[in-house]
Amino acid sequence: MTNKLKYFIGNWKMFGDFGSFKIIQEVNRYIYKNKRLDKKKIVLCVPNTLIHFFKKKLKSNIISLGAQNCHFHEGYGAFTGSVSATMLKRIGAEYIILGHSENRLEGETNQIVKKKIISALNQKLKVIFCIGETFKEKKSRKKFSVLRKQIKSSLEKKFNKNQIIFAYEPVWSIGTNKIPKINELENIIKFIKKDFRILFKTGNSPKVLYGGSVNHKNIKSLSSITEIDGFLIGGASQSAKKFIDIIENYYK
Ligand code: 13P
């Protein structure tokens, strides 16, 4: 286990209403009291319908709020039902999840993800860029080539990489209670960092989070991988207790 402070980012997905503010309050209280946490690294990515409401109700800036997707077009436009990075920034989002496999499964390509990243970066949102292989790709040993393609086709050398945090989320581990073997996961995280350095000819590695069935039990074994810079937590972030238990057990 390392003492280096990590990101704990919740992805609420399509969950929550105004009453869910009590979850935010509870997490907020916990972070406020807990001196050892880096307050800037606790983020909840909530539905768009709640960002502004939560932002206004939160009297402090302890928890950061994020969105979970946007349209690639910046500003305003004739895109029925869509929301742009510009609009999300204006209502108080600081982060945005892009390239999540649940959106890729609905047809979002690497090229679309790239356009979304460009608009989010233009709006000074911090991007949580999701990559990960399906079970079929893992079984056919295509994992590394899939990850490389996702990175290569969605990022460009000129992007401000300090604004981008990677989230490695194997599709087969999302909501399944399955996580990769610790040594395999360690190798993948190292691979992503190295590949990034090679692709973009830089000495700096990106921050890489792990996401997929993270809970208060498996967090202890995940904490042994020092290269992981934090976690993207789905289901368990929809409960203040479960989310807090994960952070508690990580630092225990
Ligand atoms: P679960 O933690 O529910 O498996 O979801 C992970 C995820 O998709 C986070 O983005």
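The values are calculated or read from the model by the stated rules, or taken from the named source; none is laboratory data. Everything numeric in this text was worked out from a predicted model, so none of it was measured. Neighbour counts run over all protein chains shown; Cβ positions are idealised from the backbone, glycine included. For the accessible areas, the whole protein counts, side chains as well, though only heavy atoms, and no ligand, DNA or RNA atoms are used. Shrake-Rupley method; radii C 1.70, N 1.55, O 1.52, S 1.80 Å.
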- [ ] Just grab the label-to-label distance for GLU156 and PHE15, each label 7 Å out from Cα along the Cβ direction, in nm (one decimal).
- [x] 3.7
Task: Where the range 136-187 is the region considered: accessible area per residue in Å², 1.4 Å probe - done: 60
Open item on the list: Let me understand the chain better: what is its radius of gyration from the alpha carbons, and its Dmax, in angstrom?
Closed with: 17.2, 50
Open item on the list: For a quick check of understanding: with a 1.4 angstrom probe and all protein chains in place, what accessible area in square angstrom does TYR30 have, to the nearest ten?
Closed with: 30
Open item on the list: How many angstrom lie between the Cα centre of the range 68-82 and the Cα centre of the range 114-166?
Closed with: 20
Task: All aspartates and glutamates inside 15 Å of LYS89 as judged from Cα atoms, apart from same-chain residues fewer than 8 positions distant - done: GLU74
Open item on the list: Classify the range 123-180 from the C-alpha gyration tensor, please: rounded if a/c falls under 1.5, else prolate or oblate depending on whether a/b exceeds b/c.
Closed with: oblate
- [ ] Return the aspartates and glutamates within reach of LYS157: Cα separation strictly under 19 angstrom, same-chain partners fewer than 8 residues apart disregarded; answer none if there are no such residues.
- [x] ASP195
TODO: Please identify, among LEU37, LEU222, LEU155, the residue showing maximal mean-square fluctuation in a Gaussian network model of the chain using a 10 angstrom Cα cutoff.
DONE: LEU37
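Could you check how much of the accessible area of the range 179-229 is carbon and sulfur, as a whole percent, using a 1.4 Å probe?
Details: 1170 of 2290 Å².
Looking at the range 179-229 in its full context, I get 51 percent from C and S.
Divide, for the range 1-110, the radius of gyration over alpha carbons by 2.2 N^0.38 Å, where N is the residue count. Provide the component values of the computation, followed by the final result.
Details: Rg = 15.1 Å, N = 110, 2.2 N^0.38 = 13.1 Å.
Normalised Rg, Cα atoms only: 1.15.
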Task: Set of aspartates and glutamates with alpha-carbon distance to LYS242 below 14 Å, sequence-local pairs under 8 removed - done: GLU26
Task: Out-of-range pairs (alpha-carbon distance over 31 Å; input LYS59/LYS114; LYS4/LYS124; LYS6/LYS116; LYS114/LYS190; LYS56/LYS143; LYS59/LYS193) - done: LYS59/LYS114; LYS56/LYS143; LYS59/LYS193
Task: Derived scalar couplings ³J(HN,Hα) [the range 51-61; Karplus, 6.51 cos²θ - 1.76 cosθ + 1.60; whole Hz; x for Gly, Pro] - done: 4, 5, 4, 5, 4, 6, 6, 6, 7, 10, 9
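Just subtract the alpha-carbon distance of PHE79 and ARG36 from 0.36 nm times their residue separation and send over the number in nm, one decimal.
Extending this stretch completely gives an extra 11.1 nm.
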Task: Sulfur and carbon atoms: percent of accessible area, the range 44-164 [1.4 Å] - done: 53
TODO: Counting other Cβ atoms within 10 Å, keep those with at most 14, restrict to DSSP loop, and tell me which GluC sites (Glu not before Pro) in the range 56-148 are left.
DONE: GLU106
